[in-house]
Amino acid sequence: MLAMEDPTLHQLRLLLTLAEELHFKRAASKLYLTQPALSQQIRSLEQRLGVQFFARTSRRVELTATGKALLPLVKQVVDATENLRNAASRSAIGDTRLRLGVCENVAPLEATRSVLGAISGLYPCLGPEIHVFDFAEQMTALENGKIDAAFVYLPVPEGLHSEPLTTEPRLVAVASSDPLARRSSVSLADLADIPVVSLASDMFKAGRDFWAADPRPDGSAVRYTDHHVSRFESLLSMASFGGAIAFVPSVAARLYPRPDLRYLQVRDLPDCTLGVVWPATDHAKPHITALRDIARQVHSQAVLAGSVQNLTRLLELESTYC
């Protein structure tokens, strides 16, 4: 009798995707693989099982009769493995509900929603419970144990562990009546004499400094408004009145379009990173471990998506100029 080698779960997942797409290029793109890599894995799977799942021609890919017959069994194996993993995770986690904090400006973000959706789908026993805070309240809630973790833009105070989710540029928000509003971009030197909207005084210093770009590259200190804000909408409103500016994540231009504001690129301003954070002392707790794993998966998908977008832009440039 012919000895067969067991297929890997990874190969079975690739098989299901190709069976759904029936197109190597589309399937490879969906899986973030090259076509040769996908073809090699499918050939290895067929050799291990001693059957041919697909009939390939220069124009199309079709499931063979054997492939159609075995496909439901392949799906059962993949589903059973997923169910086993999820059951084991739920058993380890127990009935602990995950209490998560969000501020209004991060609640609608795709990365935030992806993490929340994954928690609900993979670990329904975790909840999660969502608590909405302003900037300062959220850090206090983490410190006093009112919440287990929070979605925040980095940096964060010492004693908190962070897992990055996405990175994006920072923009400057200026009043639409400001002469700078006629520009498409500025430098920090162009903003040197304009006060920055001051965040709540009880926010930790490193965070306040980061979101004010204080000090500036030449070492000069930043001037602040006398009025302090603790919510994102208040931050934007203060900038819209004129005479002050606010540095914000680039996604704000899409989520908070306002006729009284303009969002400008700042050529020499470093990017910002959204992350999920929790007390470092809780790092080994099962529900935090589950959150960490999900955050890392969301981050890796964001990095892959960004790499694909960058590659697409490069290929478009090559086709235009080469």
Q | Index of the failed condition, Leu180 passing every other in (1) touching a strand residue (DSSP E or B) at 6+ places or on another chain (Cβ under 6 Å); (2) within 22 Å of Ala295 (Cβ to Cβ) | A | (2)
Q. How many residues are farther than 22 Å from Arg231 by Cα and among the acidic types (Asp, Glu) if we restrict to the stretch 250-283?
A. 2
Q: Among the numbered conditions (1) surrounded by 13 or more Cβ atoms within 10 Å (Cβ to Cβ); (2) out of contact with any Lys or Arg (no Cβ under 9 Å at 6 or more places or on another chain), tell me where Pro217 comes up short.
A: (1)
Q | Single unsatisfied condition, Asp209 versus (1) in a helix (DSSP H, G or I); (2) of a type in the set (D, E, K, R); (3) farther than 21 Å from Leu264 by Cα | A | (3)
Q: Search the stretch 184-195 for residues that are without any contact (Cβ under 8 Å) to a residue 60 or more places away in the chain and pair each with any residue that is buried (at least 17 other Cβ atoms within 10 Å of the Cβ) and among the polar types (S, T, N, Q) when their beta-carbon atoms are under 6 Å apart and the residues are at least 6 apart or on different chains.
A: Pro195/Thr225
Q. Has the stretch 49-62 got any residue that is assigned to a helix (DSSP H, G or I) and either touching a helix residue (DSSP H, G or I) at 6+ places or on another chain (Cβ under 8 Å) or outside the structural domain of Ser300 (by TED's automatic domain parsing) (or both)?
A. yes
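For the stretch 123-158, name all the residues that are over 24 Å from Ala252 (Cα atoms) and either part of a strand (DSSP E or B) or outside the structural domain of Pro279 (by TED's automatic domain parsing) (or both).
The one that is over 24 Å from Ala252 (Cα atoms) and either part of a strand (DSSP E or B) or outside the structural domain of Pro279 (by TED's automatic domain parsing) (or both): Glu129.
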Q: Enumerate the pairs (first residue in the stretch 220-240 and under 13 Å from Ile194 (Cβ atoms) and assigned by TED's automatic domain parsing to the domain that holds Asp202; second residue anywhere and surrounded by fewer than 17 Cβ atoms within 10 Å (Cβ to Cβ) and basic (Lys, Arg)) with beta-carbon separation below 8 Å, excluding pairs fewer than 6 apart on the same chain, so at least 6 apart or on different chains.
A: Val222/Arg216
**Q.** When residues of the stretch 116-130 are limited to those that are modelled with pLDDT of 90 or more and surrounded by fewer than 16 Cβ atoms within 10 Å (Cβ to Cβ), the one nearest to Phe247 (Cα to Cα)
**A.** Ile130
Q. Which of (1) in the same structural domain as Thr140 (by TED's automatic domain parsing); (2) of a type in the set (S, T, N, Q); (3) surrounded by fewer than 14 Cβ atoms within 10 Å (Cβ to Cβ) does Thr289 not meet, given it meets every other one?
A. (3)
Q: Please specify each residue of the stretch 196-210 satisfying the condition of being surrounded by fewer than 19 Cβ atoms within 10 Å (Cβ to Cβ) and over 25 Å from the mean Cα position of the chain (by Cα).
A: Ala200, Ser201, Asp202, Lys205
Q. When you scan the stretch 86-115, how many residues do you find that are at pLDDT below 90, out of contact with any helix residue (DSSP H, G or I) (no Cβ under 9 Å at 6 or more places or on another chain) and of a type in the set (Lys, Arg)?
A. 0
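Report yes if Gly243 is touching a residue at least 40 places away in the same chain (Cβ under 8 Å), among the small types (Gly, Ala, Ser) and not in a loop (DSSP other than H, G, I, E, B), otherwise no.
Numbers: touching a residue at least 40 places away in the same chain (Cβ under 8 Å): yes; among the small types (Gly, Ala, Ser): yes; not in a loop (DSSP other than H, G, I, E, B): no.
So Gly243 does not fit the description; no.
The values are calculated or read from the model by the stated rules, or taken from the named source; none is laboratory data. This structure is a prediction, so every number in the text was calculated from the model and none was measured. Reconstructed Cβ throughout: ideal geometry from the backbone, glycine too, with neighbour counts over all protein chains shown.
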